[in-house]
Amino acid sequence: MLPSFLKRGLLQLRQITIIIPRQIQSNAVCCAAVKKTSAAGGVMGLGKGKKKVGKVSTMEKKEIPVETDPEKLINYVCGSNIYLTGEDIKLKDDSEYPDWLWTLNTGAPPRLESLDPNTKQYWLRVRAAGMKRNNRLKSLRRF
């Protein structure tokens, strides 16, 4: 089925030659061009690309030193110093940290059924679960 604006133009052409709409429709599809782009965003085939010379060497893994001194593991936060100079942060007594620190949930998040429906946290979790479900269903669809 052709759009109305195309039909009007074809009426004038039919007086001169006989045109079958199916041929016009198939020709329009055949004339469509596809623009291929590279990962960098440029059009492929235009300009010079990088030339590959020889084999690419594999990088060697660096061994990170692991702290084994038990006294240092108990008294310091190992790995907290990211600079070349200085030392790791020293741990303080439990009484010097705020009380809310010890009430933080470090395990699995609470189940959706156990949350109160009148809270913002509940509805954020419902929304996230719905988006995950929709994305999973869209990925299963055929084109």
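Might you check whether a residue that is surrounded by fewer than 10 Cβ atoms within 10 Å (Cβ to Cβ), over 29 Å from the mean Cα position of the chain (by Cα) and modelled with pLDDT of 90 or more occurs anywhere in region 117-130?
There is at least one residue in region 117-130 that is surrounded by fewer than 10 Cβ atoms within 10 Å (Cβ to Cβ), over 29 Å from the mean Cα position of the chain (by Cα) and modelled with pLDDT of 90 or more.
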Of all residues in region 89-108, count the ones that are closer than 25 Å to Glu71 by Cα and of a type in the set (Ser, Thr, Tyr).
2
Quick one: Ala108 ticks every box in (1) surrounded by 10 or more Cβ atoms within 10 Å (Cβ to Cβ); (2) under 29 Å from the mean Cα position of the chain (by Cα); (3) of a type outside the set (Ser, Thr, Tyr) except a single one, so which number is it?
(1)
Quick check, is Lys62 modelled with pLDDT under 65, loosely packed, with under 10 Cβ neighbours inside 10 Å, assigned to a loop (DSSP other than H, G, I, E, B) and not small (Gly, Ala, Ser)?
no
Exactly one condition in (1) part of a helix (DSSP H, G or I); (2) among the polar types (S, T, N, Q); (3) surrounded by 10 or more Cβ atoms within 10 Å (Cβ to Cβ) is false for Ser139; which is it?
(3)
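The values are calculated or read from the model by the stated rules, or taken from the named source; none is laboratory data. These numbers were taken from a predicted model, which means no experiment stands behind them. Ideal geometry is used to build each Cβ from the backbone, glycine not excepted, and the neighbour counts take in all protein chains shown.
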